[in-house]
Amino acid sequence: MRAIDEAEVIKLIKYTVTQGRRYSKEGVHRHGYRPKKIERQKLFLLQGLPGIGYKRAVALLEHFGSVGNIMRADEDSLAAVKGIGKETAHRICQILR
């Protein structure tokens, strides 16, 4: 890391320490909109899984009926959902298991 002068070195050190404290204690952050309604919260939760955007989250909920059922589903069941392939199903299972 390079800096122009001593003042910039101090700024960089302070920034690094602040970021280290923030992320080491609180884990990964998801910035932005936080839904209030339960259905939107379910979609928001599912969109935190790898390879899952809004459309795939909706497809998963429609197929399985609940987030709990999705969490308990095996790889083959997840891959059977339209828009979810074997690789995405595998990555989801790696996270959930």
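The values are calculated or read from the model by the stated rules, or taken from the named source; none is laboratory data. Remember, predicted model here, so these are calculated numbers, not experimental data. Cβ placement follows ideal geometry from the backbone for every residue including glycine, while neighbour counts extend to all protein chains displayed.
What the table shows:
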quantity	calculated
Cβ-Cβ under 7 Å pairs, at least 6 apart or on other chains, region 24-52 side charged (D, E, K, R) and modelled with pLDDT under 75, far side surrounded by 10 or more Cβ atoms within 10 Å (Cβ to Cβ) and part of a loop (DSSP other than H, G, I, E, B)	30/48
Residue identified as surrounded by 13 or more Cβ atoms within 10 Å (Cβ to Cβ), touching a His at 6+ places or on another chain (Cβ under 7 Å) and hydrophobic (A, V, I, L, M, F, W, C) among 81, 58	81
Failed item in (1) within 20 Å of residue 65 (Cα to Cα); (2) modelled with pLDDT under 90, with residue 2 passing the rest	(1)
